[in-house]
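What follows draws every value from the coordinates through simple rules; no lab data is involved. Only a predicted model underlies this, so the values are computations on that prediction, with no experimental measurement involved. Backbone-built Cβ (ideal geometry, glycine too); neighbour counts: all protein chains shown.
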Amino acid sequence: MIDHPIPYGHQFITDGDVQAVVEALKSDYMTQGPGIENFEKDFAGYLGCRYACMVSNGTAALHLCALALGIRPGDKVITTPITFVASANGFRYAGAEIVFCDIDPDTYCMDVAKLEEILKASPKGTYKAVVPVDFAGYPVDEEKFRRLADRYGFAIVVDACHAPGGSFSDSRGDKQMVGNCRYADLTCFSFHPVKHIATGEGGAVTTNNPDLYNKLALYRTHGITKNPDLMTKVDGGWYYEMQELGFNYRITELQAALGISQLKRLDWSISRRNEIARKYDEAFRGMDIRTPFRAEGITHAFHLYVIQVGKRKELYDFLRENGILSQVLYIPAHTMPYYRQFGWKEGDTPAAEEYYRHCLALPMFPSLTDEEQDWVIEKVIEFVGR
Ligand SMILES: *Cc1c(COP(=O)(O)O)cnc(C)c1O
């Protein structure tokens with residue numbers, strides 16, 4: 001018997017994290033200081049990419065990608081309906097027309113075959129960007145998107161808000177960390193409290209492309225640069241130039257301190273999440289519950305542990321009555337009233353809609369205790385078994 005509510009996700013803050021923030025507070029910088037650069041270096045080093053651009057949140061990260069790619073009103077961008085709406089919205093901010101591609105019924109991520117059908121139907125260059133989402137922490141095969149990108153001419157922006165620490169193996173069998181941008185042009189992350197690294201609000205974009213990186217950095221701070229190599233002239237030591245209409249999408253030093261401290265535990269967090277997943281898998285074996293698929297060679301980052309069940313609504317209510325705050329993630333984005341105005345409707349992406357009818361995310365976070373997980377398992381089995 002557990003007498004407190006168990007959420008589907010929760011941050012994990014140690015005394016070391018608290019100490020790191022206190023030190024940042026006592027330093028000379030609250031923002032735009034060395035801590036942010038250190039977080040960028042550590043994060044890029046961990047993932048194995050050239051550049052990381054830390055920003056105020058994951059949605060800002062997606063919007064900056066749209067700006068860096070020069071997405072203009074009316075440009076077409078493809079994403080998946082099974083995601084948090086920000087994956088689409090970040091590109092809408094730049095005026096893009098969003099096209100929703102259906103999901104693979106195994107991985108719940110964008111279906112590469114269905115993507116190719118969409119691409120084939122229009123001339124090369126029709127779509128400016130494709131935004132696959134590493135849904136629930138499942139790392140998409142970025143190499144497959146690269147092959148299509150080379151053929152049909154679009155930029156790949158991976159929304160990896162669910163998947164820092166995940167990896168996939170490419171056709172040569174080489175392990176590719178999510179966010180290393182070996183195949184993707186840009187990759188986005190979020191540091192919202194339910195995500196793997198929790199800085200309150202926060203996000204990042206990674207890339208290996210220096211031109212894209214310079215644009216990300218420019219648009220993050222009002223379109224202002226102080227880099228002499230990028231300015232049209234230099235009047236003196238004070239001189240800077242505003243070259244584009246940018247935003248204030250900066251992260252703070254306090255958040256960077258939290259991020260640096262938590263990044264050190266990311267590997268542990270991924271293995272703990274996988275341990276929790278295996279225990280759920282084991283407990284639900286042989287029951288009328290579909291557990292998450294994993295292909296050979298991937299490291300699933302398990303932001304979410306999503307099951308598919310028959311009486312989903314009833315199970316959701318039953319778990320709530322027992323203090324288990326499971327969650328339905330996500331309502332297909334194309335069925336939102338906002339996206340309906342562009343003509344999207346039920347039936348447009350059948351696999352995504354079928355997924356939505358049965359999905360339920362069970363509690364999954366590294367500080368979930370064995371007793372809490374046992375309680376969740378007991379209640380799920382009590383319901384499904386009867
Ligand atoms: C959390 C999340 C975002 C947005 O991140 P914020 O930091 O909350 O702005 C974008 N995409 C996905 C898939 C997410 O889960």
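Observations on the structure shown:
- Condition check for P81: more than 17 Å from A204 (Cα to Cα) and without any contact (Cβ under 8 Å) to a residue 40 or more places away in the chain: no
- Residue pairs meeting the criteria (Cβ under 6 Å; at least 6 apart or on separate chains; first closer than 16 Å to R250 by Cβ, in the stretch 209-228; second of a type in the set (A, V, I, L, M) and assigned to a loop (DSSP other than H, G, I, E, B)): G223/L245
- Test result for T206, of a type in the set (S, T, Y), within 16 Å of the ligand (Cβ to nearest atom) and either more than 11 Å from the chain's Cα centre (by Cα) or surrounded by fewer than 24 Cβ atoms within 10 Å (Cβ to Cβ) (or both): yes
- Residues that are more than 15 Å from the ligand (Cβ to nearest atom), at negative phi and in a loop (DSSP other than H, G, I, E, B), drawn from the stretch 72-89: R72, P73, D75
- Selection of the stretch 348-386 for residues being free of Cβ contacts under 8 Å to residues at least 60 places away in the same chain, closer than 19 Å to I2 by Cβ and assigned to a loop (DSSP other than H, G, I, E, B) yields only T369.
- Scope the stretch 146-163; condition of a type outside the set (G, A, S) and within 16 Å of the ligand (Cβ to nearest atom); matching residues: I156, V157, V158, D159, C161, H162
- Residues of the stretch 230-269 classified as assigned to a helix (DSSP H, G or I) and within 19 Å of G33 (Cβ to Cβ), total: 11
- Scan of the stretch 37-71 for residues that are within 12 Å of the ligand (Cβ to nearest atom) and part of a loop (DSSP other than H, G, I, E, B), ordered by number: S56, N57
- Qualifying residues in the stretch 237-294 (those that are of a type in the set (S, T, N, Q) and surrounded by fewer than 20 Cβ atoms within 10 Å (Cβ to Cβ)) - the one nearest to T221 (Cα to Cα): N248
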